[in-house]
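Participant: What follows is a structure written as structure tokens; I'll ask about it next.
The values are calculated or read from the model by the stated rules, or taken from the named source; none is laboratory data. Just so it is clear, the structure is predicted and the values come from calculations on it, not from any experiment. Because the Cβ atoms are built from the backbone with ideal geometry, glycine has one as well, and the counts that use them run over all protein chains shown. For accessibility, only protein heavy atoms count, side chains too; no ligands or nucleic acids. Shrake-Rupley method; radii C 1.70, N 1.55, O 1.52, S 1.80 Å.
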Amino acid sequence: MPKLNQIIAVEKGVKSKALQELTQAHQDVQKPALLAGISRTYQPKDEEGEQLPPESTRVQIKAEDALRATASTLTRLFDVTATKDWANRSAVADVVVDGTVLLPQVPVPYLLFLEKQLTDLHTFVRKLPVLDASESWSLDPSTDAWKTDAVRTIRTKKVPRNHVKAEATEKHPAQVEVYYEDVAVGYWTTVKFSGALPARRVNELLDRVEKLQQSVKFAREEANNTEVTDQRIGDAVFGYLFR
């Protein structure tokens, strides 16, 4: 008996061929000239009259033939798709992670859905913000965020100072130069907070997503190995439609 994965493999080609042939048939029956024919002969009025050869144009396309050809083409598509969909109702497999069944008896369509969602989740997790590795972080229960140790720094202020370059004399005033000196006026105590994640946590999450991705793919392969029963849906459909 054929397997589901074999049906899936041929479905795309059958669908493409059916669409192409249906499109061609549709275009052909829209051309009146291809459906029209004529036959005419000429008889002169008397024996001395000019003799003209007969003229004829054959009918090139018959609508009934187009219906039969369309039914034949689509019957194959209907049967292949029905075989796949009927099989999908019974094609199931367990999703097993690290030897434990995480999801029992999952049908193929849902496994395909899971694969797509896990691809998106992998992108999301891979882009999660990571704590700055140059800092030392600890979890602060009061804010439920990560924080650094307190760092104390000095706050300085520029204070003007006078430097006497030359003392005053009877004839000249004192020569004074103003300069600025940094003087400590206080202390800053800084604690940084972050809502990002440790790199270890992000790597753990990525590992889990990737494990589940592999498990879902294995389950899909197993489910797609299910034997199928050929369905004959097309004959019933077109036997009714075009009879």
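Participant: Please specify each residue of region 78-116 satisfying the condition of being part of a strand (DSSP E or B) and acidic (Asp, Glu).
Facilitator: First, the residues of region 78-116 that are part of a strand (DSSP E or B): 92-97, 100-107.
94, the sole residue that qualifies.
Participant: Moving on to the next point. Out of region 162-203, which residues are under 30 Å from residue 102 (Cα atoms) and open to solvent by 80 Å² or more (accessible area, probe 1.4 Å)?
Facilitator: 200, 201, 203
Participant: A further question follows. Evaluate the following for residue 87: is it touching a helix residue (DSSP H, G or I) at 6+ places or on another chain (Cβ under 6 Å) and either open to solvent by less than 80 Å² (accessible area, probe 1.4 Å) or within 30 Å of residue 42 (Cβ to Cβ) (or both)? Spell out the reasoning first.
Facilitator: On the way: touching a helix residue (DSSP H, G or I) at 6+ places or on another chain (Cβ under 6 Å): yes; either open to solvent by less than 80 Å² (accessible area, probe 1.4 Å) or within 30 Å of residue 42 (Cβ to Cβ) (or both): yes.
Against the criterion (touching a helix residue (DSSP H, G or I) at 6+ places or on another chain (Cβ under 6 Å) and either open to solvent by less than 80 Å² (accessible area, probe 1.4 Å) or within 30 Å of residue 42 (Cβ to Cβ) (or both)), residue 87 qualifies.
Participant: Name every residue in region 54-67 that is hydrophobic (A, V, I, L, M, F, W, C) and not in a loop (DSSP other than H, G, I, E, B), in order of residue number.
Facilitator: Pass one, region 54-67, residues hydrophobic (A, V, I, L, M, F, W, C): 59, 61, 63, 66-67.
63, 66, 67, listed by residue number.
Participant: Mind checking whether some residue in region 45-53 is farther than 28 Å from residue 77 by Cβ, part of a strand (DSSP E or B) and either over 60 Å from the mean Cα position of the chain (by Cα) or modelled with pLDDT under 90 (or both)? Lay out the reasoning, then the answer.
Facilitator: Within region 45-53, the first condition is being farther than 28 Å from residue 77 by Cβ, and the residues that meet it are 45-53.
Subset that is part of a strand (DSSP E or B): none.
No, there is no match, as no residue in region 45-53 is farther than 28 Å from residue 77 by Cβ, part of a strand (DSSP E or B) and either over 60 Å from the mean Cα position of the chain (by Cα) or modelled with pLDDT under 90 (or both).
Participant: Condition check: within 30 Å of residue 3 (Cβ to Cβ) and either at pLDDT below 95 or exposed (fewer than 12 other Cβ atoms within 10 Å of the Cβ) (or both). Does residue 242 satisfy that?
Facilitator: On the way: within 30 Å of residue 3 (Cβ to Cβ): no; either at pLDDT below 95 or exposed (fewer than 12 other Cβ atoms within 10 Å of the Cβ) (or both): yes.
No: the conditions fail for residue 242.
Participant: Does residue 142 qualify as being open to solvent by less than 90 Å² (accessible area, probe 1.4 Å) and modelled with pLDDT of 90 or more?
Facilitator: When the stated conditions are applied, residue 142 does not pass them.
Participant: Continuing with the same structure: Exactly one condition in (1) over 30 Å from residue 193 (Cβ atoms); (2) touching a Pro at 6+ places or on another chain (Cβ under 8 Å) is false for residue 112; which is it?
Facilitator: The one condition residue 112 does not meet is (2).
Participant: Out of 44, 104, I need the residue that is open to solvent by less than 40 Å² (accessible area, probe 1.4 Å) and in contact with an Asp or Glu (Cβ under 8 Å, 6 or more places away or on another chain). Which one?
Facilitator: 44
Participant: Name the residue, out of 97, 151, 125, that is open to solvent by less than 50 Å² (accessible area, probe 1.4 Å), touching a Ser or Thr at 6+ places or on another chain (Cβ under 8 Å) and either closer than 17 Å to residue 207 by Cα or without any contact (Cβ under 8 Å) to a residue 60 or more places away in the chain (or both).
Facilitator: Details: 151 fails: open to solvent by less than 50 Å² (accessible area, probe 1.4 Å); 125 fails: touching a Ser or Thr at 6+ places or on another chain (Cβ under 8 Å).
Of the residues listed, the single one that is open to solvent by less than 50 Å² (accessible area, probe 1.4 Å), touching a Ser or Thr at 6+ places or on another chain (Cβ under 8 Å) and either closer than 17 Å to residue 207 by Cα or without any contact (Cβ under 8 Å) to a residue 60 or more places away in the chain (or both) is 97.
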